[in-house]
Structures are given as C-alpha cells and as structure tokens.
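Step one of this worksheet: look at the structure below.
Every read-out reported here was derived from the displayed coordinates using simple, explicitly stated rules and does not represent laboratory data. Everything quoted here is computed from the prediction, not taken from an experiment. Backbone-built Cβ (ideal geometry, glycine too); neighbour counts: all protein chains shown.
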Amino acid sequence: MTSILWGSFVMVALAEMGDRTQLIALSLAARYRRPWTVMLGILVATLANHTLAASAGVWVAGMIPAAALGWIVGLGFIAFGVWALFPDAADAPGEREGWGPLVTTIVVFFIAEMGDKTQLATVALGARFHSTLAVTAGTTAGMLAADGLAVWAGSRLGALLPMRRLRWAAAALFMVFGLAAIAVVLV
C-alpha cells in the first residue's frame, strides 16, 4: 500500500507542475490572499474528483481482461508522458457573486480537473493498483504538494525550479509507469 501511495503521490505531484490547475491555484491565492482557504478548497475539490476517478479506474479494471487492461494503462501512461511535455494554459478563474474564496476554489478546481491529465492519471492508477483509497490519498497529497507550492511560493517557483525540467521529469515518470504496465502483460 505504501508503494501505491508514494507512486501516486510522485506521479501527480510532478505532473501537476506547470499544469493549468497549478496556475489556477496561483491565481486564486493572489486574488484572495487567503492561502489556507484556497488550500482547503483545493483539498475538497481534489478529494471529490480523484475519489471518483480512482473508483472509475478500479471499476474499469474489473470489466476488462488483465492483458488488455495492461496495454490500455501502459499506452495511456505513455500518452500522459507526451502530454506532460506541453505546458497548459490557465483560464482565468471565474467567480459568481456571493461566492467566497472557498466555494469559488472548490467549484473552479473541480471543473478544471475534469479531463485533466492528473484526473486521467488517477483513473489509470486506480485501474493499475485496484485501490481507490490508496490512489486517492496519494494523488490528493501530490496535488496539495504541487499546488501548495503555487499558493505559497507563487511566481518565485519558476525562478527556483524551471518548469521545463519538471515537465520532462513528469513525462519520464509517466513513460516509465507505462512501460512497466506493458512489461507486466508481456511477462
């Protein structure tokens, strides 16, 4: 279980670097200047989103033969690796009148994660490891770690850790996971 937690954590933390949701976290923190409230919103949205994603992955794993699933997960991770090489653009976070920073963060973050590479990676991790709880805990912790950097370090992060290197590291990790999933099928 520990390896599932750490693998999920590292994969999502690296994949999130430079991702649009990290940029949205930076924008929300700058707008509201309430980092703990923004982080709580990110936590709630990510728990909801990644619980659904990991559950979908576990469910799909029960429906597809192991060999086919290995190829799907492996090729999916390799595709995520290629996707991670290209930076995302952030849409300006919207706000409805009467919504405070917590509700705005939850809604904006939940919607921004739909179809995002970290959500799709969570589906694939759930399918690979057959554990909604461990995958959700690991991916949520990874999101909080990466987005916490955006919330508290803001624009200084780019000066400390070049986004290009982080994207390459995330791409490599996705590809290693993909090749490992395919290797399991071939052995």
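See the values below:
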{"quantity": "Estimated translational D of the stretch 1-52 in µm²/s (Stokes, Kirkwood radius over Cα pairs; 37 °C; 0.692 mPa s)", "calculated": "269 µm²/s"}
{"quantity": "Of the trypsin sites (Lys or Arg not before Pro) in the stretch 1-53, those whose Cβ has at most 15 other Cβ within 10 Å and which sit in DSSP loop", "calculated": "R33"}
